[in-house]
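First up is the structure itself, then whatever we jot down about it.
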Amino acid sequence: MQAMSERPNGWWISPAIPTIANCALAALWIFSALGGWGEAAFCGEDEGHDPSCAAGFDDAVRVSAPVAVIAAALAVTAWTVPAVRRRPYRLDVLLAVAAFTWVIAEGVLFVGGYQAKA
């Protein structure tokens, strides 16, 4: 016996897809902000490393960190709160909002890195 989806339009997308997207975006933010990818991309490496650019990129990380925390909290809430997890529409919406929030956090890093480079 198969349970019917609560989605009104009949479309069904596995929640694994937005969950994987959230995990991939989180990993990208972590590697870019904390792992040195962003600083190396915008400020150079080894002899070409610009310390003033690195300070500017650190500011961008500080600005994007609260946005990343919100995105992580939304994704975790989607799976831990039974009222959300048991309702497919709510789960879809919360995971989509979390993914868009990760994109915003990445955008802040990119714009901040671009400004630090200039």
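Under the 0.36 nm per residue contour assumption, what length would be gained going from the current alpha-carbon distance of ILE17 and VAL93 to full extension? Before the final figure, lay out each step's value.
On the way: separation 76, 0.36 × 76 = 27.36 nm, distance 1.28 nm.
Taking ILE17 through VAL93 to full extension adds about 26.1 nm, to one decimal.
Can you compute the modelled spin-label distance between LYS117 and ARG85, with each label point 7 Å from Cα toward Cβ, in nm?
4.2
Put LEU91, LEU25, LEU34 in order of accessible area, largest first, 1.4 Å probe: what do you get?
Numbers: LEU91 10, LEU25 40, LEU34 125 Å².
So, going from the largest accessible area down, we get LEU34, LEU25, LEU91.
Do any GluC sites (Glu not before Pro) in segment 9-47 lie in a DSSP loop with no more than 11 other beta carbon atoms within 10 Å, and if so, which?
Details: sites: GLU39, GLU45, GLU47; in loops: GLU45.
The qualifying sites are GLU45.
Per residue of segment 99-108, in order, report the coupling 6.51 cos²θ - 1.76 cosθ + 1.60 (Karplus, θ = phi - 60°) as ³J(HN,Hα) in whole Hz, putting x for Gly and Pro.
My calculation for segment 99-108 gives 5, 5, 5, 4, 4, 5, 4, 5, x, 4 Hz in order.
At a probe size of 1.4 Å, how large is the accessible area of ARG85, to the nearest 10 Å²?
90
In the chain, which Cys residues have no partner Cys with a Cβ closer than 4.7 Å?
That list is CYS23.
Where the only charges are on Cβ atoms (+1 Lys, Arg; -1 Asp, Glu), what is the dipole of the chain about its Cα centre, to the nearest 20 debye?
Details: 7 positive and 10 negative charges, 199 e Å.
It works out to roughly 960 debye.
Taking a point 7 angstrom from the Cα of ALA27 along the C-beta vector, which residues in segment 100-117 have backbone N less than 12 Å away?
Zone members listed by number: none at all.
Place a +1 charge on the Cβ of each Lys and Arg in segment 46-98 and a -1 charge on the Cβ of each Asp and Glu, then give the dipole magnitude about the Cα centre in debye, rounded to the nearest 20.
Details: 5 positive and 6 negative charges, 177 e Å.
Roughly 860 debye for segment 46-98.
The values are calculated or read from the model by the stated rules, or taken from the named source; none is laboratory data. On a predicted model such as this, the values are computed, not experimentally measured, just so you know. Methodologically, a virtual Cβ is constructed for each residue, glycine included, from the backbone with ideal geometry; neighbour enumeration extends over all protein chains shown. Note: accessible area is taken over every heavy atom of the protein model, side chains too, but ligands, DNA and RNA are not part of it. Shrake-Rupley method; radii C 1.70, N 1.55, O 1.52, S 1.80 Å.
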